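Right, one structure below, let's go through it.
The values are calculated or read from the model by the stated rules, or taken from the named source; none is laboratory data. What you see is a predicted model; the values in this text were computed from it and never measured. Methodologically, a virtual Cβ is constructed for each residue, glycine included, from the backbone with ideal geometry; neighbour enumeration extends over all protein chains shown. Remember, those area values only see protein heavy atoms, side chains included, never the ligands or the DNA or RNA. Shrake-Rupley method; radii C 1.70, N 1.55, O 1.52, S 1.80 Å.
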Amino acid sequence: MKPFVTLYVSYMRIRLFREDTVEDFANGHSNGKKLFAAWLTAIKYANWEEPIEITKTAKGNLLGNGCDRVVFDVGGNGKNAFRIICEYKFGCPYKKSKTKKVHLYVNWIGTHEEYNALTDEQKRIISQF
């Protein structure tokens, strides 16, 4: 008789706040629907232990200089490209368990061109949602 093996997979290590905002924005930009769906999937299955690991998922770039924000590149550069600025918090408790999660808060979503128009200071403090 073979031993029974249970495989536990930890999904949703990241808790995304304002996912509905991302979906609403994507619905208003038909050229980006598939790009945003891919981004949401990448976030859903991410498993970050420290901020530098964000850069390995969904093209995230840390803003740096002690800032707890990341800019996600959705779609590369050009007319069909978008950016999402999020604030991250590591080690947040999950319900009543000992599990810790990363909370990811959507602060701003826009086109690549709109992102380029923001100053460095605006990128660190903007809170559109």
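Remark: pairs (first residue in the range 12-24, touching a residue at least 12 places away in the same chain (Cβ under 8 Å) and more than 15 Å from Ile85 (Cβ to Cβ); second residue in a loop (DSSP other than H, G, I, E, B) and among the small types (Gly, Ala, Ser); Cβ separation under 7 Å; 6+ apart in sequence or on different chains) = Arg13/Ala46; Ile14/Ala46.
If you go through the range 53-99 and pick out every residue that is assigned to a loop (DSSP other than H, G, I, E, B) and farther than 18 Å from Leu40 by Cβ, you end up with 15. Whether a residue is among the polar types (S, T, N, Q) and open to solvent by 90 Å² or more (accessible area, probe 1.4 Å) was assessed, and Asn116 passes this test.
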